[in-house]
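Below you'll find the structure, written out as structure tokens, and then a few comments.
The values are calculated or read from the model by the stated rules, or taken from the named source; none is laboratory data. In this text the structure is predicted, and so the values were computed from the model without any measurement. Note: ideal-geometry Cβ built from the backbone for every residue, glycine included; neighbour counts use all protein chains shown.
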Amino acid sequence: MKRKKILAYLSTTALTIALGFFLVLVLNVIIVNLKIHYKHFDHVGVYSEEITWATVEGLFGHPRGGYIDRAGNVVIEFQFSDVSPFKYGLASVSCNTKDYGYIDHNGNWAIAPIYSSAHDFYEKRAKVSFDNACWYFIDTEGNMLGKVPD
């Protein structure tokens, strides 16, 4: 009999915890979407190539980044954990702060998110790393150009 009570208690507790996590996720989505709808951005970058990055903060301080035009309209959805300005039609972004890649003006991956760190393009080259120890240059097509000199 005690075993059944313990199992019932554990299943109720697990259900309560799962429901709590679900509510937190739903509230986070609602808060972020309300901020975007009412054009309340927590941080906004400098305009580059007619759009700029912006962030909104959800629950527990987790920011989500996206891109807006000069009127404040969302151009690329707020789905990234890290965003940067557009250069040469590409912007370095991360979905999980671990894997960086480059998106185009439509929000599509132009260069897959395979880097541990990725810098903005300058003179059509960007500095990237797979392990934050060794750095390489890539071009706007994602082709490896060589190692960054020490």
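Within the range 78-106, count every residue that is within 27 Å of residue 143 (Cα to Cα) and part of a strand (DSSP E or B).
13
Give the residue, chosen from 76, 111, that is more than 30 Å from residue 150 (Cβ to Cβ) and either crowded, with 17+ Cβ neighbours inside 10 Å or in contact with a Lys or Arg (Cβ under 6 Å, 6 or more places away or on another chain) (or both).
Criteria check complete, one pass: 76.
For the range 64-71, does any single residue satisfy the condition of being among the β-branched types (Val, Ile, Thr) and in a strand (DSSP E or B)?
There is at least one residue in the range 64-71 that is among the β-branched types (Val, Ile, Thr) and in a strand (DSSP E or B).
Yes or no: residue 32 outside any strand (DSSP E or B) and either modelled with pLDDT of 80 or more or touching a strand residue (DSSP E or B) at 6+ places or on another chain (Cβ under 9 Å) (or both)?
Yes: the conditions hold for residue 32.
So which residues in the range 124-140 are of a type outside the set (Lys, Arg) and either at pLDDT 95 or above or not in a loop (DSSP other than H, G, I, E, B) (or both), if there are any at all?
Here is the first cut: in the range 124-140, the residues of a type outside the set (Lys, Arg) are 126, 128-140.
Once the filter is applied, which keeps residues that are of a type outside the set (Lys, Arg) and either at pLDDT 95 or above or not in a loop (DSSP other than H, G, I, E, B) (or both), the range 124-140 yields 126, 128, 129, 135, 136, 137, 138, 139, 140.
Consider the range 114-150. How many of its residues are among the polar types (S, T, N, Q), over 19 Å from the mean Cα position of the chain (by Cα) and surrounded by 15 or more Cβ atoms within 10 Å (Cβ to Cβ)?
1
Of the conditions (1) small (Gly, Ala, Ser); (2) within 15 Å of the chain's Cα centre (by Cα); (3) closer than 25 Å to residue 75 by Cβ, residue 89 clears all except one; give me its number.
Here residue 89 meets the rest and fails (2).
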